[in-house]
Amino acid sequence: MGLTKEQAHRPGPFKQSNKAHKHGRHRSKGSISSSSRGKVSVKALSKKNKKDLNRIERRNRSNQIRQTKRDEVLAKKRSIGSANTAPFLVSILPLNKLLDPQGVLSFFSQCDEEVTLRTGATGCTHISIPRFKQHFSFVIPDMDNDLAILDTLKVCDTVLFVISAVAGYDFGDELIDQWGNKVLTLSFAQGLPTPVVAVTDLDGVPQKKRGEQKHHIQKLVSKWMPDEKIMTLDKSSDALNVLRKIGNQKHKSVINRDRRPHLYAEECEFVNGEGSLGTLMVTGHLRGTPLSANDLIHLPGLGDFQISQIDAIPEPQSAEKVAGTGVGVARVLERADITKQESLVSENIVDPMDAEQTWPTEEELKMAEESHKTRKVKKVPKGWSDYQAAWIVDEDDESVSSDDEEDDLENMDAMSEVKSDVDEGEEFDTLTESEIGVDDQQYDKELDLDQEKEELEKLQAAKSDLIFPDEMDTPLNVEARVRFQKYRGLESFRTSPWDVKENLPVDYGRIFQFENFDRTKRKIVKSIDCKDGVMPGWYIRIHIKDVSQHLWATFQQTKAPLILFGLLQHEHKMSVMNTVLKRTPLYEAPIKSKERLIFQCGYRRFIVNPIYSEHTNGKKHKYERYFQPNSTVVASFYAPIQFPPAPTLCFKEVSNKLVLVAHGQLLSCNPDRLIIKRIVLSGHPLKINKRSAVVRFMFFNREDIIYFKPVKLHTKYGRIGHIKEPLGTHGHMKCVFDGQLKSMDTVVLNLYKRIFPKWTFEECIVSCSNVQDMVH
């Protein structure tokens, strides 16, 4: 045997270290580190190395944080209203339609002897106050156009609500009339900028009742704006106080507006180009975030466009002071780069060959041959030949139109299933006869009987759906397995799997989808701060190319304000948008799914036919046939992409007027949202024997019972069961449940199908045929 060399034991990093003898002598840092040999305690390893600050260092750190926050607030405050920045954009809105806003504007134009006044081509009044070293721009929207008011409030920094104290004395019946309440409702639904409330005409109220009247106005204002204190506006000193408050108060942040570059057009000029297209030059102060010439812009009422170049021009006030000759020479800031410019393509090009099948494999050919070899047994009259029998149509070959069965067959089923509880006497028992005689023939001529009948049927169907949700009668003339061939049963609506990419419609090939919408949104929002381009606060002229000459001429006749919004990346592409909506008390009738509505989502306005679903946290969301009053739903439709938050307003055209029927917020841009339509087939127990029962009226033939046998059954009293076997040939079936049924119980079978919105998107632009209507 050979000798083996013994291996010495080497201690590992977890070697036990005993306490050293405390000899009492001082130990240097070097001796301590050499004895420890780089070992670190587990407690020190698990915690972040944090340096303890002493009192002076803690005080210094808090001072630095406080100073940083103070500098941020001051920089934000000085970025508007001061020299070389955009002025405060203030919108004057009276809360009584009989009050003249021009009289309110005259207080500000005469409030100081040194005030500088200038009126732009679009009606924007610029006021400069030397004692404040601040600039203000006042705009008065058209009081007869609700959409113009909303567009003005989208870009305003401050809204000045004016209330007349003599309302109820000299004119009108109320301080805030019906029109004023509607303006407040629309303003709060869209997102209110920084508000200021002023009371005028207090001199017209008797001296003893002024305090009481002012207290009453404050009480009315507190219902809408609890933290807002009213101000008096009756003389020049009051106007200076209002301007001081507008310039010094903390301005409310509207995220949807502040994340995008926006501009209120102070001057507009159209230059004709080739054909019917031309270049629209828009001048004004840029606000919000930087704007690049390669970005797309949106003009409400006109559409989306590209920019050719952006010029910097001197402000009219500074040019007059320096040269006395008006506007100076424009300087080109940026020209669009064709290689980097955003495209106006909003839809994906669909390749019809993508839907074609590939060449069949050998296995599929063999299966097809075997299927042809199988003989079908048919019942034919005695003595018929094979050729004669081939002309007999199989019952299994009968099918229904699968394009959209709920538009035709379901409407017929809904008509047959409705059990009207409406008593005509209850509907018309409150009619009173007018003092002046009414011509019956003239009244009948103005009444649309078809529309009345359609509304009555819709009310009855909505009431039936509210009482018996999703219930449907099994048709007698069509087999249930054919009628409901697109539906399926689920073990559990919440947990059962459903493939989001299964049986997608053709329109899904035209839209765009994000791999991760939230991540893309965070990336785009983060890139706004470091974006290159024209900075906010500059006075610029934007050249917008390829604008229709007829469209611009029509827009000018509407006298609506021109608002410009810069689009973020991808916000011109089409996708499926989901918005959370809540009904308003302004419209009480139910709204059917796929009914034509006008949406204003953020800065964009369009017409769609949305579908509704429940607002829940699960992966599957139940389809709602009706948008009932006092309810909240999620509306889904095809529309251009927009990143939340974005306030959403929903209008319906009633008697040629727009009525706000719902409002809410943009939820997501998600084509994979599963909107599941449920139908409930009901049956009634005929015989009950403990846990088993004979059920009828759910189906009317034996084959349907066998086809739906795997689907689970429920009862309205909470029992769960399944179909055991059919009895006879007329639709009776034996069912087994987890407990004994009650005689008044109802057996139901739930079937589900995924539905998708219809492609009905239409941009709201001015109509060349009717300039008075902004929504065509």
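Read the figures in this text as sums done on the coordinates, not as results from a lab. Treat the numbers as computed from the prediction; the structure is a model and nothing was measured. Note that we place each Cβ from the backbone using ideal geometry, even for glycine, and neighbour counts take in every protein chain shown.
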5 Å is the cut-off here: which amide hydrogens, built 1.01 Å from N in the peptide plane, fall below it relative to A662, excluding neighbours closer than 5 in sequence? T584, C650
Using only the alpha-carbon atoms of the stretch 77-252, report the extent along each of the three principal axes, biggest first, to the nearest angstrom. 45, 35, 30
Starting at the first residue of the stretch 132-141, write each ³J(HN,Hα) from the Karplus equation 6.51 cos²θ - 1.76 cosθ + 1.60 with θ = phi - 60°, in whole Hz, x for Gly and Pro. 8, 6, 9, 10, 10, 10, 10, 10, 10, x
Positive-end residue of A167, S91, S237, charge dipole of the stretch 77-252 with Cβ unit charges: S237
Taking a label point 7 Å from the Cα of F756 along Cα-to-Cβ, the residues of the stretch 624-645 whose backbone nitrogen sits under 18 Å from it are 636-641
Which entries of K486/K592; K209/K250; K182/K582; K252/K619 show an alpha-carbon separation above 28 angstrom in the structure shown? K209/K250; K252/K619
For the stretch 685-735, with only Lys/Arg (+1) and Asp/Glu (-1) charged at the beta-carbon, what is the dipole magnitude about the Cα centre, in debye rounded to 20? 320
Amide H to amide H, which residues 5 or more places from L727 or on other chains are under 5 Å from it, using H placed in the peptide plane? H732, M733, K734
Simple label model, 7 Å out from Cα along Cβ direction - T339 to T361, nm: 4.7
Amide H neighbours of K742 under 5 Å, counting only residues 5+ apart in sequence or on other chains, H built in-plane at 1.01 Å? none
Once phi is turned into θ = phi - 60°, what whole-Hz ³J(HN,Hα) does the Karplus curve with 6.51, -1.76 and 1.60 give for every residue of the stretch 516-527, x standing for Gly and Pro? 9, 5, 5, 5, 5, 4, 4, 5, 5, 5, 5, 7
Using a Förster radius of 56 Å, what is the FRET efficiency between Q110 and H722 based on their Cβ-Cβ separation? Nearest 0.05, please. 0.10
Separation in nanometres of the label points that stand 7 Å from Cα toward Cβ, at R519 and A8: 5.4
Net charge dipole size for the stretch 77-252 [Lys, Arg +1 and Asp, Glu -1 on Cβ; Debye, nearest 20]: 840
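Nearest 0.05, what FRET efficiency do I65 and D144 give at R0 = 60 Å with Cβ-Cβ as r? Walk me through the numbers on the way to the answer.
Values: r = 51 Å, r/R0 = 0.85.
FRET efficiency, I65 to D144: 0.70.
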Using R₀ = 45 Å, calculate the FRET efficiency as 1/(1 + (r/R₀)^6) where r is the Cβ-Cβ separation of E614 and K453; round to 0.05. 0.90
Show me, for the stretch 248-262, the HN-Hα J-couplings you get by feeding each phi into the Karplus relation (A = 6.51, B = -1.76, C = 1.60, θ = phi - 60°), rounded to Hz, glycine and proline as x. 10, 6, 6, 8, 6, 8, 9, 4, 4, 7, 6, 7, 10, x, 9
